């Protein structure tokens, strides 16, 4: 779901996008449990190499699903490895609940940068395809920044 929202944002802004690929297996019940446990304990993971250097971009938009009230291990790792390369940031998340405020505060603290925009999309909005207006508004706010 997060990938779908990220692609919609990239289309709305006509910008590059990149999926973070975790090298750890996350499928199935055991993968689901491990993912939540690692996210909750703020563990890092190993990512496949990324194609785009964030230093070359004025704004980096960081997106993550919410796992156990926090960001995915892949996003935490990406921020830890690249935060010194971020000029400006914006955040988005996909979620089943409503705990995005704490997530965005944590992302801001890890990046050591205040986001120029944020957007939280609920899973049911993605399933229904009912998130395009939120994406448009987010894209407009990023453009204005």
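The values are calculated or read from the model by the stated rules, or taken from the named source; none is laboratory data. The structure displayed is predicted, hence computed values, not measured ones. Every residue, glycine as well, gets a Cβ built from its backbone with ideal geometry; the counts of neighbours run over all protein chains shown.
Please work out which one of (1) over 17 Å from residue 4 (Cβ atoms); (2) at pLDDT 95 or above is the condition residue 145 fails and give its number.
Residue 145 satisfies all of (1) over 17 Å from residue 4 (Cβ atoms); (2) at pLDDT 95 or above except (2).
Would the stretch 58-73 turn up any residue that is surrounded by fewer than 16 Cβ atoms within 10 Å (Cβ to Cβ) and either over 23 Å from residue 120 (Cα atoms) or at pLDDT 95 or above (or both)?
Taking the stretch 58-73 as the starting set, the residues that turn out to be surrounded by fewer than 16 Cβ atoms within 10 Å (Cβ to Cβ) are 58, 68-69.
From what is left, the residues that are either over 23 Å from residue 120 (Cα atoms) or at pLDDT 95 or above (or both) are 58.
Looking for residues that are surrounded by fewer than 16 Cβ atoms within 10 Å (Cβ to Cβ) and either over 23 Å from residue 120 (Cα atoms) or at pLDDT 95 or above (or both), one finds at least one in the stretch 58-73, hence yes.
So which residues in the stretch 120-145 are within 26 Å of residue 69 (Cβ to Cβ) and assigned to a helix (DSSP H, G or I)?
Step one: of the stretch 120-145, the residues within 26 Å of residue 69 (Cβ to Cβ) are 120-128, 130-131, 134-135, 137-138, 141-142.
Selection gives 123, 124, 125, 126, 127, 128, 134, 135, 137, 138, 141, 142.
Is it true that residue 104 is part of a helix (DSSP H, G or I), touching a strand residue (DSSP E or B) at 6+ places or on another chain (Cβ under 7 Å), under 23 Å from residue 76 (Cα atoms) and touching a residue at least 24 places away in the same chain (Cβ under 8 Å)?
Numbers: part of a helix (DSSP H, G or I): yes; touching a strand residue (DSSP E or B) at 6+ places or on another chain (Cβ under 7 Å): yes; under 23 Å from residue 76 (Cα atoms): yes; touching a residue at least 24 places away in the same chain (Cβ under 8 Å): no.
It is false that residue 104 is part of a helix (DSSP H, G or I), touching a strand residue (DSSP E or B) at 6+ places or on another chain (Cβ under 7 Å), under 23 Å from residue 76 (Cα atoms) and touching a residue at least 24 places away in the same chain (Cβ under 8 Å).
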